[in-house]
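Please read the structure below before turning to the comments.
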Amino acid sequence: MLKAYRPTTPAQRQKTTQDFDQITTKKPLKSLTLAKKQQAGKNNQGRITVRHRGGGVKRHYRLLTHNLPKGLKLTVEEIEYDPNRSARIARVKDENGTYYYVLAHTEMTKGSTFETGEQAPVETGNRLKLSDIPVGTFVYAIELTPGKGAQMVRAAGTSAQLMARENGYATLKMPSGEVRKVLETCEASIGTVSNVQHQNIKKGSAGRVRRKGIRPTVRGVVMNACDHPHGGGDGGRHGSGKAPRTPWGQLTLGYRTRHNKKTNKLIVRSRHEGKRK
C-alpha cells in the first residue's frame, strides 16, 4: 500500500510515498556502508557525461553481495531501506556470524531463513542454478556469467519467468518482455524483488525531485539554435518539422542504439516485438 497525505498544499494533494511497513530498522550496519561522493553526473575527467544531475541529500552506499558463497543457510536479521536503489535490502547472517546485505524479496521478513547452493530446496528466496529450478518459476537477481554475481532483474517489483531449458541454456522471459537465453549454470534467486508499489509513487513536488539529486530539464525548442538542433526560430510555432534529435544531433525516436552483436544469438524475442505495427 502507498501512503497518501492530507491535501494541506497542492503538492501534498498529489503526493504519495512508499510503504515502509516491511522495514525493521533505520540504522544500517556500519561495516557494510561506505561514504558516497557526489559526482554530479561527471566522469573522472570532470566532464558531464550524465546531464541534469547535482545536489540532493547525502547518502551512504550499502555494500550488497550479489554473489553469495555456496552451501550457506542465512537468517534475516533486519529489512532495511536503501537510498541507492528502488528495492528493499536485507541484512542477513550466516552460520559463521558473517553479515551480508542482499536484495529482499516480497515475502522476506525478519527472522526468516533461506539457503544457497545445489542442496537448497526449491523455495522462495533460495538461490540455485537455473538447471535446478523448475520451468515456470519466477526468479530475480540473475547471473549473466556463471560466478560473476547477479546482474539482471534487480529493480523493485521485478521478476523473470523461466520458460524452458535446452542444450545447456535456460530461456527467460524478462520484465521488459524480451525473451533471452542464459547459461543453465548461472544462478538466480526464486521470487519477486520487494517494494512492488515503487512504480506507482507520485512525487508531488519539484523539491522532492531536487532532493533526489535530479536537476531541471530544459526543452530543446526553447533554446537558441547554437545550443540544440531544435532551437532557434522567430518565437512563433515551435514544431521543428524534423525528427527529434539529441543535443548532439543523434536521432532519438525509433533509432537503434544497441550495438552488442555478440549476444544477438541469445535473444530469442526482442522487447520491441509487440510494439511493431
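Just so it is clear, none of the values below were taken in a lab; they were calculated from the coordinates. All of these numbers come straight from a predicted model, not from anything done at the bench. Cβ sites come from the backbone with ideal geometry, for glycine too, and all protein chains shown count toward neighbours.
Counting only other residues whose beta carbon sits under 14 Å from that of Val268, what net charge do I get with K and R as +1, D and E as -1?
On the way: positive: Arg165, Lys173, Arg180, Lys181, Lys265, Arg269, Arg271; negative: Glu166, Glu178, Glu273.
With Lys, Arg at +1 and Asp, Glu at -1, the net is +4.
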>> List the residues, sorted by chain then number, that are 5 or more residues from Met163 or on another chain and whose placed amide H is less than 5 Å from its amide H.
In response: Gly136, Thr171, Leu172, Lys173
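Between Ala225 and Val50, what is the FRET efficiency for a Förster distance of 22 Å, r being their Cβ-Cβ separation, to the nearest 0.05? Could the numbers behind the result be given before it?
On the way: r = 25 Å, r/R0 = 1.12.
E(calc), rounded to 0.05, equals 0.35.
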>> Order 155-163, 214-222 from most to least packed using the mean count of other Cβ atoms within 10 Å.
In response: 155-163, 214-222
> Quick one: if the Förster radius is 45 Å, what FRET efficiency do Arg208 and Met163 give, using the C-beta to C-beta distance and rounding to 0.05?
Replying inline: 0.70
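Counting only C-alpha contacts under 8 Å and six or more residues apart, can you give the relative contact order of the chain as a whole percent? Don't skip to the end; give the middle numbers.
Values: 556 pairs, mean separation 46.6, N = 277.
So the answer I get is 17 percent.
Students often check this: by mean Cβ neighbours within 10 Å, which of 79-89, 17-27 ranks highest, and how do the rest follow? Present the calculation step by step, with values, prior to reporting the outcome.
Working: 79-89: 18.8, 17-27: 13.7.
Output ranking for 79-89, 17-27: 79-89, 17-27.
Which of Thr113, Thr185, Thr192 comes first, and how do the rest follow, when ranked by fewest Cβ neighbours within 10 Å? Write out the running numbers ahead of the final one.
Details: Thr113 12, Thr185 15, Thr192 20.
So the residues, fewest neighbours to most, are Thr113, Thr185, Thr192.
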> What order, most packed first, do the peptides 60-66, 98-104 have when packing is the mean number of other Cβ atoms within 10 Å of each residue?
Replying inline: 98-104, 60-66
> Hey, rough spin-label estimate for Asp234 and Val57, points 7 angstrom out along Cα→Cβ, what's it come to in nanometres?
Replying inline: 5.1 nm
>> Per DSSP helix of 4 or more residues, -39500 (n - 2.57); summed, then divided by the residues of the chain. What does that give at 222 nm, rounded to the nearest 500?
In response: -1000 deg cm²/dmol
> Whose amide H sits under 5 Å from the amide H of Met223, counting only residues 5 or more places off or on another chain, with H placed in the peptide plane?
Replying inline: Gly232
> So, in nm, how far is label Asn264 from label Val135 when the simple model puts each one 7 Å beyond its Cα toward the Cβ?
Replying inline: 2.8 nm
> lysines within cross-link reach of Lys27: Cα-Cα under 16 Å, excluding same-chain residues under 8 positions apart?
Replying inline: Lys58, Lys110
>> Can you list residues from other chains, or at least 5 along the same chain, whose modelled amide H is less than 5 Å from the amide H of Gly213?
In response: Gly56, Val57
